[in-house]
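Colleague: Can you read through this structure? Questions will come right after.
The values are calculated or read from the model by the stated rules, or taken from the named source; none is laboratory data. Since the model is a prediction, treat every value here as computed from it, not as a measurement. Positions of Cβ are backbone-derived with ideal geometry, glycine not excepted, and every protein chain shown enters the neighbour counts. Accessible surface is based on the protein model in full, side chains and every heavy atom, while ligands, DNA and RNA are left aside. Shrake-Rupley method; radii C 1.70, N 1.55, O 1.52, S 1.80 Å.
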Amino acid sequence: MKRVAPLLLVALLFAAAGAADDGFAGWWKRFQNAVAKGNSSMVAEGADFPMDWENGRIRKIEARSALIDRFDIYFTAEIRDAVAKGKPERLPDRTYMLTWKARGNEYSLYFKPQGAAFVLAGLSEGPA
């Protein structure tokens, strides 16, 4: 009986962790892979347009076709690196944010829930 209680506790902890999973971890892996491979169609498929995209002189991505056509301009090497290495944090409203610092600024990518999945919701730029 002494062995059963700790095993039951471990099983309950795993079940609770699974129940708390909102699906972001799996979605994030697919997003990371799409960005790494330069799969603009897949990234654009999971995005909300028009979206704010504050990076230098760029301020907005108007449509899915714009992201696909200019993927390398929007997803610079710096942004790809941040996506590859970063771990987004969950905010109280169920959105996620990936933040990094570069060139004296702070950048954040936002991902929001949409139905049972998540979508890319924008990029913000501000002073570090």
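Colleague: I'd like to check something: does segment 84-91 contain any residue that is surrounded by 14 or more Cβ atoms within 10 Å (Cβ to Cβ), over 17 Å from Asp21 (Cα atoms) and of a type in the set (A, V, I, L, M)? It would help to see each step written out before you state the result.
Modeller: To start, the set of residues in segment 84-91 that are surrounded by 14 or more Cβ atoms within 10 Å (Cβ to Cβ) comprises 86, 88.
Filter again for over 17 Å from Asp21 (Cα atoms), leaving 86.
From what is left, the residues that are of a type in the set (A, V, I, L, M) are none.
Taking every residue of segment 84-91 in turn, none turns out to be surrounded by 14 or more Cβ atoms within 10 Å (Cβ to Cβ), over 17 Å from Asp21 (Cα atoms) and of a type in the set (A, V, I, L, M).
Colleague: Right, another one. How about segment 1-57: which of its residues are over 19 Å from Gly86 (Cα atoms) and modelled with pLDDT of 90 or more?
Modeller: Within segment 1-57, Ser40, Ser41, Met42, Ala44, Phe49, Pro50, Met51, Asp52, Gly56, Arg57 qualify.
Colleague: Here is a follow-up. Suppose the filter is small (Gly, Ala, Ser), farther than 14 Å from Leu120 by Cα and open to solvent by 50 Å² or more (accessible area, probe 1.4 Å); does Ala36 pass it? Break it down stepwise before answering.
Modeller: Working: small (Gly, Ala, Ser): yes; farther than 14 Å from Leu120 by Cα: yes; open to solvent by 50 Å² or more (accessible area, probe 1.4 Å): yes.
It is true that Ala36 is small (Gly, Ala, Ser), farther than 14 Å from Leu120 by Cα and open to solvent by 50 Å² or more (accessible area, probe 1.4 Å).
Colleague: Looking at segment 61-83, which of its residues are open to solvent by 60 Å² or more (accessible area, probe 1.4 Å) and closer than 13 Å to Leu109 by Cα?
Modeller: First, the residues of segment 61-83 that are open to solvent by 60 Å² or more (accessible area, probe 1.4 Å): 62, 64-65, 69-70, 72-73, 77, 80-81.
Listed by number, the residues that qualify are Arg80, Asp81.
Colleague: Within segment 92-110, restricting attention to residues that are open to solvent by 30 Å² or more (accessible area, probe 1.4 Å) and aromatic (Phe, Trp, Tyr), which residue is nearest to Val35 (Cα to Cα)? Quick ask: steps written out before the conclusion?
Modeller: We begin by selecting, within segment 92-110, every residue open to solvent by 30 Å² or more (accessible area, probe 1.4 Å); these are 92-94, 97, 99-101, 103-106, 110.
Keeping just the survivors that are aromatic (Phe, Trp, Tyr) gives 100, 110.
Numbers: Trp100: 17, Tyr110: 15 Å.
Top of the filtered list is Tyr110.
Colleague: Moving on. Please name all residue pairs, on different chains or six or more residues apart, with Cβ atoms under 9 Å, provided the first residue is in segment 106-122 and is more than 12 Å from Phe24 (Cβ to Cβ) and the second residue is open to solvent by less than 10 Å² (accessible area, probe 1.4 Å) and β-branched (Val, Ile, Thr).
Modeller: Taking only residues 6 or more apart or on different chains, the pairs are Tyr107/Ile79; Leu109/Ile79; Leu109/Val83; Leu120/Val43; Gly122/Ile61.
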